[in-house]
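The values are calculated or read from the model by the stated rules, or taken from the named source; none is laboratory data. Keep in mind the model is a prediction, meaning the values are calculated, not measured. Neighbour counts run over all protein chains shown; Cβ positions are idealised from the backbone, glycine included. Please note that ligands, DNA and RNA were not included when accessible areas were found on the heavy atoms of the full protein model with its side chains. Shrake-Rupley method; radii C 1.70, N 1.55, O 1.52, S 1.80 Å.
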Amino acid sequence: MVRVLAVLVIAILACTSSRVVAQQAKTGAIQVAVVDESGGVIPGARVMLQPVDPAGPPIDALTDAQGAATFSGLPPGRYSVRGEFAGFDARQLDDVRVRSGTVRRELRLPVARHAEDVEVGQDNRERGLDPRSSAFASVLSRDQIDALPDDPDEMEAALNEMAGPGATIRVDGFRGGKLPPKSQIRGIRFRRDTFAAEHHGGGLAIVDITTSPGAGPLHGTADLTFRDESLNARHPLSAARGAEQQQNYGFTLNGSLIRNRTSFSLSNTGTHSYDSQAIFAALPGAAVAESARRPTSRNNFSARIDHALTRSTTLKAAYQRNHARIDNLGVGDFNLMSRGYSRRTDEHLFRASLSGPLGRRGFLETRVQARDQALDASSLVDSPAIIVLDAFTDGGAQIDGGRVTRDFELASDIDYAVGRHAARVGVLIEGGRYRSTENRNAGGTFTFPSLDAYSAGRPSTYTRRTGEPLVSYGHVQAGWYAQDDIRLARSLSMSVGVRQEIQTHIGDWLNLAPRIGATWSPFKSGVTTVRGGAGIFYDWYDAQTYEQTLRVDGTRQSDLAILNPGYPDPFAGGRLSVLPPGRLVRAPGVVQPTVARTNVAVEQVIGKYGRVNALYGYGRSRTALRGHDVNAPLPGGDRPDPSVGTVTHVESTARSAMHMLHTGFSLTLPWHRTSLFVNYTLGRSMNEADGPFSLPADNGNLRAEWGPSPYDARHRVSTMLNTTLWGSVKLAATVNSSSGLPYTVTTGFDDNRDTVSNDRPAGTGRNSARGAGRWELGSRLSWAFGFGPRTANGGGGTPVIMLRTVGGPPAETSMGGVSGGAEGRRFRVELYLAGTNLANRMNAMAYSGVLTSPFYGRPTAAAGPRKLEVGVRFGF
């Protein structure tokens, strides 16, 4: 009997094994590698698999970071494979036969000719639900990227102006460092519906910059721009045109080291310049309207390697070395020449990322960044500072010492898709060691309420920071999240997620941040998309905020304050009142600032070429950081604790609220390669504090500080137009405007004796006055030509296509380099003339709100006048 059972068991196992083997033999796989004509891989290409025999529904996928797409579990038969990517002609392989095992094929896409149309047949409604689509986003074309400033710092400022306050700029997922040269930028995308759990901050704009790998034959660019005061207008607050000159240089070099496996990118950019800072001040009996020269020297070097570990796994490594030195910082506006100081910054940055599939349904990306930064500052003059409120500031800058930062960032994300679910989990860890010898106000500062008080030698306060400035500490912050994007129907998707964040030096550890969002495409045409979201977000308790409370703790350093001091000897005089040392303290129970945000948005496609969207967002917080003097004088003038002076608590008790209505319009026309972007934002931003150390005018009534935030511009408009005038002559124009910013009216006196001259007239609120609005017109006119042999693809240069999704407007893109008449030639040259503030409008940046100032109610600082620069770019 036992032998019979054993035989039966063996027979059953044999049958089962044969069935499993037979079933495994009945399925196969296709792996498709999408490359360009030079063999360089194309990540993000769309691959469509169509079963032919037996017939079946089509299957599509996007290539991974190594340009590969894999289709598994396929029944044996014949298939057709089609590959598409913006900027290339689509290609198709017919009669691909699948049996057991994996069939590998390569799709080599040729570069598309100028202005050729490619239709991507994605379902219109599904396209609107795709979070990677261009819905609710502004994507800059190649021409628009080329129209941005060449200087990395000026380009960053322009992107921040376009995105609005609070925007975050990321390069290939990393924050910090310098922006890459324009020729290495593949795309720039502005997003505002950032309610995914993967984001630390939300509701505000994220600017994502992606760079191109250096695949293909050796190619590169060389740039030179020049600006001189002879091309500029006079600063509106100066009596004469100030000296200015700027020379920017740069080069890039890109190519393949090992075909289909390893590529590299190199770049080096630099600036040697000096500009003029307008001094607009009033001395006793005389006004000052002159300019001071500010020399600047910068150099940014970067190197990057992209290496294919396998056909589907890519390792990227990059290094940056950034150096800058600026002299005569601190000079300008009310600050006289003696206020100058120099600052030198040296930064070494290393980045690496590893991305590839995780099993059949998953994808893993891990990023790591390490930074070593040293900053040193030194004042031009070593003497006490003299501040006459909104009249002039003289004496030393009181800024010396340095700061060494060694920090890191580690982030890892895992995507996993099954059925209707697309899940993502991830972790972010940031931290570092910091050593700072920064010494401020070591020589002391006299503050005078008016010119008359200065002439009489009667300052209202004298303050000085005493003690040893050296501090050394560590700081770590981390967050992890989980999110699931659920496709409920062809026209409806929902996203749910949660994020948890923690920090050292903060006691609250249970910082859960739930997020939820939904996207609906109500019509089959897909021309309308509605999206909404809500969630909780946390702000970090900044390392430098912790550093100040660690340094000025009453032991290492403390703040000396004297009311009604003598002058020039603060300790000589009959009216002086010397306060005991003060300190900065992190208040007990301080937490990470919490913000609750929600928004709703709708986007509508208009015809073939237009798109319009509108987004309303609301956010509020009751735990924003503020400063609070817990030892402020009582109504009689005495302090609660007479043994100490000002004790500034950093508290998380301030309120803030934000309303925003953002509208955007884009129009992309194939005629003359014309594109137009218009963004308008109507907003209102209110809060109770300007920062963690800003003290209220009345420490006994913190709620009286409720008012507009310093960045509360009610109206903001950003417009960008690009077109080809004729032949290879292109024109780009930008208009940025905003309504006036608020400022606070103060008496100029310290009547409440809290050592801060921010007392306001009775009935006057914080930031209750407003300056005038600002607008600026900029433009760039360029002409390109090419010479030498034609490139192998016959198109060469900068191939540009109009990518048209079915039922939607086209989106222009290109492969970088120099365009226009240079197309199709081995060597390309572009000449251009660029200008800012072409209307030479006086755009005030600050107003005096001090009643005792001779400039009360008048602008005291302004943006730069009209400036023109010429440049040349050589590409090969």
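Brief remarks on what is shown
- A P(r) calculated from all alpha carbon pairs of the chain, with 10 Å bins opening at zero, reads 2, 10, 19, 23, 20, 12, 7, 4, 2, 1, 0, 0, 0 percent.
- For region 743-753, the Karplus equation 6.51 cos²θ - 1.76 cosθ + 1.60, evaluated at θ = phi - 60°, returns couplings of 8, 9, 8, 10, 7, x, 10, 10, 5, 8, 6 Hz by residue, with Gly and Pro reported as x.
- Kirkwood hydrodynamic radius over Cα pairs of region 546-659, then Stokes diffusion coefficient at 25 °C and 0.890 mPa s, in µm²/s: 135 µm²/s
- When the alpha carbon gyration tensor of region 673-778 is reduced to an equivalent ellipsoid, its three semi-axes come out at 43, 12, 10 angstrom, largest first.
- Rounded Å value of the spacing that divides the Cα centres of region 72-106 and region 303-376: 40 Å
- For region 713-759, radius of gyration divided by Kirkwood radius, i.e. Rg to Rh on alpha-carbons: 1.51
- Here, region 482-585 has an Rg and a Dmax of 27.5, 84 Å when only alpha carbons are counted.
- Percent of beta bridges antiparallel (DSSP, region 563-722, rounded to nearest 5): 95 percent
- In plain terms, the C-alpha convex hull of region 628-727 casts an average shadow of 9.9 nm² when viewed from every direction.
- Using Cβ point charges alone (K and R +1, D and E -1), the dipole size of the chain about the Cα centre works out to roughly 2700 debye.
- Over 30 Å apart at the Cα level, from the set Lys524/Lys730; Lys608/Lys867; Lys608/Lys730, are Lys524/Lys730; Lys608/Lys867.
- Share of pairwise Cα-Cα distances greater than 15 Å in region 399-495 is 77 percent (whole percent).
- Ellipsoid fit via the Cα gyration tensor, region 297-440: semi-axes of 47, 17, 13 Å, each the root of five times an eigenvalue, largest first.
- Positive-end residue, the chain charge dipole about Cα centroid, Cβ charges, pick of Gln500, Ala697, Val288: Gln500
- Charge dipole magnitude, Cβ of K and R +1, D and E -1 - region 327-410, Cα centre, debye nearest 20: 760 debye
- Top positive-direction residue, dipole computed over the chain with Cβ charges, set Ser738, Ala45, His672: Ala45
- Charge dipole (Cα centre; +1 on Lys/Arg Cβ, -1 on Asp/Glu Cβ; no other charges) of region 541-690 amounts to roughly 780 debye.
- A compact globular protein would have a Cα radius of gyration near 2.2 N^0.38 Å; the ratio found for region 159-294 is 1.50.
- Within the accessible surface of region 495-551, defined with a 1.4 Å probe on protein heavy atoms only, the carbon and sulfur portion equals 70 percent.
- In this label model, Ala157 and Ala657 are separated by 3.5 nm, measuring between points 7 Å along each Cα→Cβ vector.
- The chain, helix-only ellipticity at 222 nm - DSSP H runs n ≥ 4, -39,500 (n - 2.57), divided by all residues, nearest 500: -2000 deg cm²/dmol
- In region 267-318, the convex hull through the Cα atoms has an average projected area of 6.0 nm², a quarter of its surface area.
- Descending Cα extents along the principal axes, region 247-354, whole Å: 77, 23, 17
- Selection among Gly535, Leu560, Gly101 by position relative to the dipole of the chain gives Gly101 as farthest towards the positive end (Cβ unit charges, Cα centre).
- Whichever aspartates and glutamates have a C-alpha closer than 13 Å to that of Lys178, once near sequence neighbours (fewer than 8 apart) are set aside: Asp150, Asp151, Asp153, Glu154, Glu156, Asp346, Glu347
- Listed values for region 687-701 are Karplus-derived 3J(HN,Hα) couplings in whole Hz (6.51 cos²θ - 1.76 cosθ + 1.60, θ = phi - 60°), namely 7, 10, 7, 8, x, x, 10, 6, 8, x, 5, 10, 5, x, 9, and x replaces Gly and Pro.
- Excluding ligands, DNA and RNA, the accessible surface per residue across the chain is 43 Å² with a 1.4 Å probe.
- Carbon and sulfur %, accessible surface of region 723-795 computed with the full protein complex present, 1.4 Å: 62 percent
- For a modelled paramagnetic label at Leu488, 7 Å from Cα along Cα-to-Cβ, the residues of region 516-535 in reach, with backbone nitrogen under 15 Å, are 516-523, 530-534.
- Region 289-410 - percent of accessible surface contributed by carbon and sulfur, probe 1.4 Å: 55 percent
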